[in-house]
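The values are calculated or read from the model by the stated rules, or taken from the named source; none is laboratory data. These numbers were taken from a predicted model, which means no experiment stands behind them. Glycine also receives a Cβ, built like all others from the backbone with ideal geometry; neighbour counts cover every protein chain displayed. Remember, those area values only see protein heavy atoms, side chains included, never the ligands or the DNA or RNA. Shrake-Rupley method; radii C 1.70, N 1.55, O 1.52, S 1.80 Å.
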Amino acid sequence: MSNKESVNNTETKELNEEILRKERVASLIEKAKGKDRSIRAYASSAGVSAAAMSKFIKGEYIPTVGTMKKLTSKEASPRGVAFEDLMEAAGYETKEDEAARRSSIDEQINAVSSENLRESRAKELDRYIQYEKDATAQIILSLVENEIMFKKTSEHENGKLQEKEDLVFEIIDKPISRWIFEFKYIVGKREYVTKASRSVMFQAFAKALTMELDDETKLSFVIQDKELFQWLKSYEHSLAFRGEMSVILYDVKQSKIVDECYLSNYYINDVSREINLVDLHKM
């Protein structure tokens, strides 16, 4: 089996697992609704729209953590379905504060520590924190230098994004109005793309599928691994995802953003909403 076939098989497996998660969540929400009330009635008691509830039950989307809390609240009367049940079915982990976020970073580093890395987990964690700070500074600098008006925010409009994201900007007078940045730190140096580094991105893509991004929102994954970036670049404008999504390469040694590649657009073959951070930075 060739490397490309192996990668395609891995991606297919990840997508199949995502479909199964959606089906499990849909089944639980259907149970929480009960046979004695309509979708609209359940949606009203939970404080969500009937349209969104219909999509959840059909398995089109997985609710965010915040929405899951609403669906299993006392007011929603979820027929015995608990918040933990939905979280487990969706494969979510509760990340409510900075301690939980650091724990998640630590788990990501631990996932690749079996590759006989010489650096300790503690040092890698410190490097990640510094990496995120430096990359954030460069992103802000790029926007300021090119007179892109923005405002930092932490919650997606209309409550669609309830979970804490790494960095979120409200963009003014541009084709997109919201730009979300997710930082991914790949441990160790390799001359090839490892299974562990691909796994980091597969998990990121799986999370993206739950975000329900609209046509005015852009999601960018910031990474510092050149080999992984080149591998992702082979999927330029071809990833099966409905949304403005890109991957950004940050060079730690140069302390600068060196490349960006769009993986997908909200509308097929429509690049009118693209804003390229590297072009803005005028390298």
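Observations on the model:
- Enumerated strands (runs of 3 or more DSSP E) restricted to the stretch 164-262, each holding at least 2 residues that are in contact (Cβ under 8 Å) with a residue 40 or more places away in the chain: 178-184, 217-223, 244-251
- Subset of the stretch 237-253 (residues that are open to solvent by 10 Å² or more (accessible area, probe 1.4 Å) and closer than 19 Å to F181 by Cβ): L239, F241, L249, D251, V252
- With respect to the stated conditions, L263 is under 20 Å from the mean Cα position of the chain (by Cα) and under 25 Å from Y61 (Cβ atoms).
- Counted residues, the stretch 112-148 - those being of a type in the set (S, T, Y) and at pLDDT 80 or above: 4
- Among the numbered conditions (1) open to solvent by 40 Å² or more (accessible area, probe 1.4 Å); (2) within 18 Å of the chain's Cα centre (by Cα); (3) not β-branched (V, I, T), the only one that K256 does not meet is (2).
- Among the residues listed as M211, M245, M201, the single one being at pLDDT 90 or above and aliphatic (A, V, I, L, M): M245
Residue-by-condition table, conditions (1) farther than 10 Å from L71 by Cβ; (2) in contact with a His (Cβ under 8 Å, 6 or more places away or on another chain); (3) surrounded by fewer than 16 Cβ atoms within 10 Å (Cβ to Cβ):
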site: E17; (1), (2), (3): yes, no, yes
site: R21; (1), (2), (3): yes, no, no
site: R24; (1), (2), (3): yes, no, no
site: S27; (1), (2), (3): yes, no, yes
site: D36; (1), (2), (3): yes, no, yes
site: S45; (1), (2), (3): no, no, no
site: F56; (1), (2), (3): no, no, no
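- Matching residues, the stretch 70-84, being under 22 Å from E18 (Cβ atoms) and surrounded by fewer than 19 Cβ atoms within 10 Å (Cβ to Cβ): F83, E84
- Listed by position, the helices (runs of 4 or more DSSP H) inside the stretch 1-87 whose residues that are modelled with pLDDT of 90 or more and of a type in the set (D, E, K, R) number at least 3 are 3-33.
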